[in-house]
Amino acid sequence: MTTKVYGVCPHDCPDACGFVTEVADGKAVKFYADHDHPVTQGWLCAKVRPYLQHVYHPDRLQHPLRRVGPKGGGQWQRISWEEAIAEIGERWRAIIAAYGAEAILPYSYSGTLGAVQMGVSSGRFWNRLGASQLERSICGAAAEMAVEMTLGKRRSPRYDEVQHSQVVIVWGHNPVSTAPHFMPHLADARKNGTQLVVIDPRRTRTAKQADWHIAPQPGSDGALALGLAHIIVREGWQDETWLAMHSVGWPGLRARLGEYPPERVAAITGLEIGEIERLARLYGTTRPGLIKIADGLQRNPNGGQTVRAICALPAITGQYGRRGGGLMYSTSGYLQWDGEAVHKWAECPPPGRWVNMNRLGAALTGEVNDPPIQSLFVFGANPATSSPNAGLIVEGLKREDLFTVVHELFMTDTAVHADIVLPATSQLEQADLHKGYGTWMLAYNAPAIPPLAECKSNWDVMQLLATEMGFTEPWLHQEVDEVIEELLAATAVHNPALKGITLPQLQAAHSIELKHEESVPFGDGRFPTPSGKVELYCQTLADLGLDPLPGWTDKQDDGRKMVNGQLPITNDQPPIADAAPADYRLPITDNGSRITHHAPLWLITGAAHHFTSSTFAGQPDLRAREGEPFVEIHPADAAARGIAHGDWVVVGNGRGACTLKAILTDGIRPGVLASPKGRWSALEGGHVNYTTSDALGDMAGQSTYHSNRVWIWKK
Ligand SMILES: Nc1nc2c(c(=O)[nH]1)N[C@H]1C(S)=C(S)[C@@H](COP(=O)(O)OP(=O)(O)OC[C@H]3O[C@@H](n4cnc5c(=O)[nH]c(N)nc54)[C@H](O)[C@@H]3O)O[C@H]1N2
Ligand SMILES: Nc1nc2c(c(=O)[nH]1)N[C@H]1C(S)=C(S)[C@@H](COP(=O)(O)OP(=O)(O)OC[C@H]3O[C@@H](n4cnc5c(=O)[nH]c(N)nc54)[C@H](O)[C@@H]3O)O[C@H]1N2
Ligand code: SF4
Ligand SMILES: [Mo]
């Protein structure tokens, strides 16, 4: 007898696919896509198709562990859950007595996107404890803020609406890998003549399919957008009527466009003037035109303003609210879980101080000291692999006086540095509530199988910790389904799309497409900003001391190590850390100085096709399909450095280094290197985040991974 159980993909991906697990005798025996799910349409991506290998991987953590050897030494003793939780409680009570609860920092991000296992589990218990608050700005914080400041809310059309677009500009985004279920709809549109332009310094899988691939210098997109607007106005292709009715600040922006003539934009972006003119003509004269962005584009120091500048283009051409036009970014603004139901702020002590997750290494090594972080609890995240400036994070994790707990499915680069490791359930072993951030779907994940061995879900662990700390509030001790019912009911009060949707109904349907008031985002011409219009000039930004008009700055990383958020004053070039292993240092020349004759390059580190951040990067089949850890380099840059195709090379800067295999290709812009994120240090001997910067972007404490200056040399 097999039973079918319907679930939802929990991984960080806008598609939130539906899947089916067939279960016999408590074991998952078959796993496949939900054929009736309107977004999934019967197929899963390469990462999740072999999910049973992930769930039943022999390396799954099965029991709580206590460190017995030195930090990071890999020696463990199996302990019971009772012992583990009692030890955590004992350590925390001592830390709270000496330093206060803010000395405890929870660190979680996108292992799962579930409302309960991620959202509520990152909120309620920690707020009740009075722990430090984590500023979760690793991914798309600047874009979220920029879009909300400009349009009021993050709203996006459904993927299939692309059929109404005449031209699609996929800008700094790689949906073949990162939003795969958009692609069949785009392919259908293209059969009917829709043109596809991809703007990316790298010829990605998506760029390979495009009619036209444009490869600007990283971090220059804001100038490109303003340059396009300059030409559109010069040619009179803008929609003055629409701008007058639906925007504020157009005269100010229009004046600023004078600073972005094609010659200057060509110099900034490294593109030909002819390319810029042609793109402006295509977008300026073809309606409707859709611009599709995601978060990769804005992971640099001017990412927020870049997104503001791009958001201005559909306004200038009067295309918001028009079917097939406008912006496709995120649907998250249509449905935000009721904040009080998630966090219970009103019933908790005042929120603790905020710690930016991108500065974890700095925070652990002295930047945060009032009080210092004495305990770190990591779940649903792998900062030693995925967070920037990873070498500094590892240095922090090695602190003898830091008590680290990691709740994980696998012995990750982070877990290996823990004092206590707790085994976590996979999505097949837990219940949850999901919404797609690129779709209009709401879905229930039913647990398909019992937890493996002694694994527990995030919410199970929060309940155990609450009991240990003596917290008796009922909202810390509900069943998952009770939490879901509460979230649905509390959110329905202010969100008409949820009216009448009950948990039993959702469980029976598995997934439901939400009916929003508008079938096209902003179709009624109203924008939920303070002015009710598109805010080209944004007073809220001005009040925050930020540029109220879309702009561009050339602020970029210089490859040096930051000390307490400041660059040390030194002219040493290139600044390879002397602390780096000898292998990673540049050879020393006869006169004793480091070789400096070659110029630094920009390293961009976007999504790997077969991994989700560092998730799945330990799975043998997917690792084999992704191939050896590589870096793409233009043949001209390689020749200048004596690097041949297939050579092992060191990529490094003042923060650290890693070893990669050189792939010579003209699919990368000269002066730029590309190497995907996610590789595990333990398996590959280092990874790109040893080099990435933990400097923050221009808005919302954003990470700046793609502004990363490195040197590269043959190993
Ligand atoms: N297969 C797979 N899918 C994923 C993920 C994954 O790791 N693997 N990660 C998930 C997550 S966490 C997220 S946030 C999304 C991200 O989704 P995307 O934003 O689509 O993914 P990225 O690869 O981060 O960035 C997109 C592209 O930006 C380019 N890029 C970098 N800097 C610049 C620049 O300055 N200008 C321009 N024009 N392009 C630039 C990179 O070359 C890359 O191809 O994907 C999600 N989906
Ligand atoms: N160089 C570079 N680095 C990047 C980026 C980049 O563009 N370039 N992009 C960044 C972006 S966009 C993002 S979103 C971050 C993501 O960074 P993270 O959120 O740290 O994501 P992962 O590295 O995939 O780690 C997630 C971990 O959660 C675990 N996990 C999964 N499900 C559960 C669960 O239910 N419970 C528990 N306790 N654990 C679970 C997984 O096993 C995995 O080890 O990475 C960032 N890193
Ligand atoms: S990662 Fe994305 S495309 Fe793959 S199964 Fe999950 S939701 Fe679908
Ligand atoms: Mo992300």
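Under the membrane-span-like helix rule (DSSP H runs whose alpha carbons stretch at least 30 Å along the helix axis, mean Kyte-Doolittle hydropathy 0.5 or higher), the chain yields none. Extension gain, M1-E135: 0.36 nm per intervening residue step, less the Cα-Cα distance, totals 43.5 nm. The magnitude of the dipole of the range 584-714, with charges of +1 and -1 set on the Cβ of Lys/Arg and Asp/Glu and taken from the Cα centre, is near 180 debye.
Translational diffusion coefficient of the range 335-412 at 37 °C, 0.692 mPa s, Stokes-Einstein with Kirkwood Rh over Cα pairs, in µm²/s as a whole number. Diffusion coefficient, whole number: 230 µm²/s. Expressed per residue, the C-alpha convex hull volume of the range 584-714 stands at 120 Å³.
Comparing Cα centroids, the range 293-358 and the range 120-174 end up 4 angstrom apart. Ranked by the mean number of other Cβ atoms within 10 Å per residue, highest first, peptides 453-466, 525-538 order as 453-466, 525-538. Ordering of 296-305, 627-636, 671-680 by packing is 296-305, 671-680, 627-636, highest average first (other Cβ atoms within 10 Å, averaged per residue). Evaluating 6.51 cos²θ - 1.76 cosθ + 1.60 at θ = phi - 60° for every residue in the range 321-335, the Karplus couplings come out as x, 9, 4, x, x, x, 10, 10, 10, 8, 9, 4, x, 6, 8 Hz, glycine and proline recorded as x. Taking one quarter of the surface of the convex hull spanned by the alpha-carbon atoms of the range 213-253 gives a direction-averaged projected area of 3.9 nm².
Placing +1 on each Lys and Arg Cβ and -1 on each Asp and Glu Cβ, with no other charges, gives the chain a dipole about its Cα centre of roughly 1400 debye. Convex hull volume of the C-alpha atoms in the range 365-490, normalised per residue: 165 Å³. In terms of its C-alpha gyration tensor, the range 249-303 has a rounded overall shape, because the principal axis ratio a/c (a ≥ b ≥ c, square roots of the eigenvalues) stays below 1.5. At q = 0.13, 0.18, 0.26 Å⁻¹ the log10 of I(q)/I(0) for the range 308-355 amounts to -0.58, -0.71, -1.01, computed by Debye summation with a single uniform scatterer per C-alpha, solvent ignored. If you roll a 1.4 angstrom probe over the protein chains with everything in place, what fraction of the accessible area of the chain belongs to carbon and sulfur, to the nearest %? Carbon with sulfur: 52 percent of the solvent-accessible area. Neighbours of A381 by Cβ distance under 11 Å: Lys/Arg scored +1, Asp/Glu scored -1, total -1.
By the Cα gyration tensor, the range 82-135 has an equivalent ellipsoid whose semi-axes, rounded to whole angstrom, run 22, 14, 9 from largest to smallest. Report the paramagnetic label zone for R526: residues of the range 145-162 whose backbone N is under 15 Å from a point 7 Å from Cα along the Cα-to-Cβ axis. Those under the cut-off are 152-153.
Using the rule -39500 (n - 2.57) for each DSSP H run of four or more residues, divided by the residues of the chain, the 222 nm mean residue ellipticity is -7500 deg cm²/dmol. A Förster radius of 25 Å combined with the Cβ-Cβ distance from S80 to E482 puts the calculated FRET efficiency at roughly 0.40. Available extension along the chain between E628 and A640 is 1.9 nm, counting 0.36 nm per residue and deducting the alpha carbon span. Compared with the alpha-carbon gap, the fully stretched path from W345 to K191 is longer by 50.3 nm at 0.36 nm per residue.
Within the chain, C13, C45, C139, C311, C348, C455, C538, C658 have no other Cys Cβ under 4.7 Å of their Cβ and so lack a disulfide-compatible partner by this rule. Per residue, the convex hull spanned by the Cα atoms of the range 274-370 measures out at 161 cubic angstrom. Computed from label points 7 Å out along Cα-Cβ, the spacing between A446 and Q41 is 2.6 nm. Building the convex hull from the alpha-carbon atoms of the range 187-346 and averaging its projection over directions returns 12.0 nm². If R0 is 51 Å, the Cβ-Cβ spacing of T467 and I273 corresponds to a FRET efficiency of close to 0.15. Taking all protein chains into account, the per residue accessible area for the chain stands at 36 Å² (1.4 Å probe).
Projecting the Cα atoms of A608, T691, A674 onto the charge dipole of the range 584-714 (Cβ charges, centred on the Cα centre) puts T691 farthest toward the positive pole.
Of all aspartates and glutamates in the structure, the ones whose alpha carbon falls short of 12 Å from that of K456, not counting any fewer than 8 places away in one chain, are E408, E429.
Near P423, once Lys and Arg are set to +1 and Asp and Glu to -1 for all other residues with Cβ below 10 Å from its Cβ, the sum equals 0. Please name which of P447, S108, V162 has its Cα lying farthest along the dipole of the chain towards the positive end, using unit charges on Cβ (Lys, Arg +1; Asp, Glu -1) and the Cα centre as origin. Value: V162. With a threshold of 30 Å on the Cα-Cα distance, the over-threshold entries among K344/K533; K27/K435; K191/K292; K4/K677; K47/K661; K4/K435 are K344/K533; K4/K677.
Grouping the Cα pair distances of the chain into 20 Å bins from zero gives a pair-distance distribution of 17, 52, 29, 2 percent in increasing distance order. Each Lys or Arg adds one and each Asp or Glu subtracts one; over the other residues with Cβ under 13 Å from the Cβ of T206, this totals +4.
The values are calculated or read from the model by the stated rules, or taken from the named source; none is laboratory data. Since the model is a prediction, treat every value here as computed from it, not as a measurement. Counting neighbours? That spans all protein chains shown, and the Cβs are built from the backbone with ideal geometry, glycine included. Just so you know, the surface numbers come from the protein's heavy atoms only, side chains and all, with ligands and any DNA or RNA stripped out. Shrake-Rupley method; radii C 1.70, N 1.55, O 1.52, S 1.80 Å.
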